[in-house]
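Asks: Dumping the structure here so I can ask a few things about it.
The values are calculated or read from the model by the stated rules, or taken from the named source; none is laboratory data. This one's a predicted model, so the numbers in the text were calculated from it and none came from an experiment. Neighbour counts are summed over all protein chains in view; Cβ atoms, including those assigned to glycine, are modelled from backbone coordinates with ideal geometry. Just so you know, the surface numbers come from the protein's heavy atoms only, side chains and all, with ligands and any DNA or RNA stripped out. Shrake-Rupley method; radii C 1.70, N 1.55, O 1.52, S 1.80 Å.
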Amino acid sequence: MLRTVTVGPFLIFFSNVNVAMGLRGHFHSGRVHVTYEVLGAHGYPSFETTNRALLDHLHVLTRKTFRDATNEDVADRIFAHLDGWTHPSWEPYGGDYRLRRMDLDVLGVFDDIGHDAGWTRYTVERQEDRA
């Protein structure tokens, strides 16, 4: 059985230079959903202070331009930025959990690069069994 707690969406704004596809720097609005696997009696404590800390941590990463990065690379970097990270505001609630999945929904707009005006989801998910 797999139990999870998913929080979000956390709203972000980021820029990336997609060298692989020959795209100059450009900006996206996005939504991030974070899923924690529950390893014990209860998992990630979803409260205003705990979620605010998570959002602030996301903004530390997304306020800088992602250089040489496709949106898949951006998703990988967000997952890595969150993986293993905790905040002191989480400690009073306890819980036993670890990052399982991160979904990055990117909003495109019609532009001169050729983006579509719609949402695209990029998912990074841990596949190995827990240790």
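Asks: Suppose we filter Gly108, Gly114, Gly118, Gly95 for residues that are under 16 Å from Leu39 (Cβ atoms) and either touching an Asp or Glu at 6+ places or on another chain (Cβ under 7 Å) or open to solvent by less than 70 Å² (accessible area, probe 1.4 Å) (or both); which single one remains? I'd like the intermediate steps shown before the answer.
Replies: Working: Gly108 fails: under 16 Å from Leu39 (Cβ atoms); Gly114 fails: under 16 Å from Leu39 (Cβ atoms); Gly118 fails: under 16 Å from Leu39 (Cβ atoms).
That would be Gly95, the only listed residue that is under 16 Å from Leu39 (Cβ atoms) and either touching an Asp or Glu at 6+ places or on another chain (Cβ under 7 Å) or open to solvent by less than 70 Å² (accessible area, probe 1.4 Å) (or both).
Asks: Separate question: So Ala131 fits all but one of (1) modelled with pLDDT under 95; (2) open to solvent by less than 40 Å² (accessible area, probe 1.4 Å); (3) under 21 Å from Arg3 (Cα atoms); what number is the exception?
Replies: (2)
Asks: Quick check on my filter: what residues within segment 78-92 are in contact with a strand residue (DSSP E or B) (Cβ under 7 Å, 6 or more places away or on another chain) and surrounded by fewer than 17 Cβ atoms within 10 Å (Cβ to Cβ)?
Replies: Restricting attention to segment 78-92, the residues satisfying the condition of being in contact with a strand residue (DSSP E or B) (Cβ under 7 Å, 6 or more places away or on another chain) are 78-79, 82-83.
Scanning segment 78-92 gives a single hit, Asp83.
Asks: I need every pair where a residue in segment 41-56 that is among the aromatic types (Phe, Trp, Tyr) has its Cβ under 7 Å from the Cβ of a residue that is surrounded by 17 or more Cβ atoms within 10 Å (Cβ to Cβ), sequence separation at least 6 or different chains.
Replies: Tyr44/Val5; Tyr44/Val7; Tyr44/Tyr36; Tyr44/Gly95; Tyr44/Tyr97
Asks: Cβ-Cβ distance below 6 Å, separation of 6 or more or different chains: which pairs start in segment 88-99 with a residue that is more than 12 Å from Ala53 (Cα to Cα) and end on one that is among the charged types (D, E, K, R) and at pLDDT 95 or above?
Replies: From residues that are more than 12 Å from Ala53 (Cα to Cα), the pairs are Arg98/Glu37; Leu99/Asp83.
Asks: Also: Among the residues of segment 12-27, which ones are surrounded by 13 or more Cβ atoms within 10 Å (Cβ to Cβ) and within 21 Å of His59 (Cα to Cα)?
Replies: Ile12, Phe14, Ser15, Asn16, Val17, Asn18, His26, listed by residue number.
Asks: When segment 4-49 is examined, which residues are found to be within 30 Å of Asp96 (Cα to Cα) and of a type in the set (Val, Ile, Thr)? Lay out the reasoning, then the answer.
Replies: Narrowing segment 4-49 to residues within 30 Å of Asp96 (Cα to Cα): 4-12, 30-49.
If the condition is that a residue be within 30 Å of Asp96 (Cα to Cα) and of a type in the set (Val, Ile, Thr), then Thr4, Val5, Thr6, Val7, Ile12, Val32, Val34, Thr35, Val38, Thr49 are the ones that fit.
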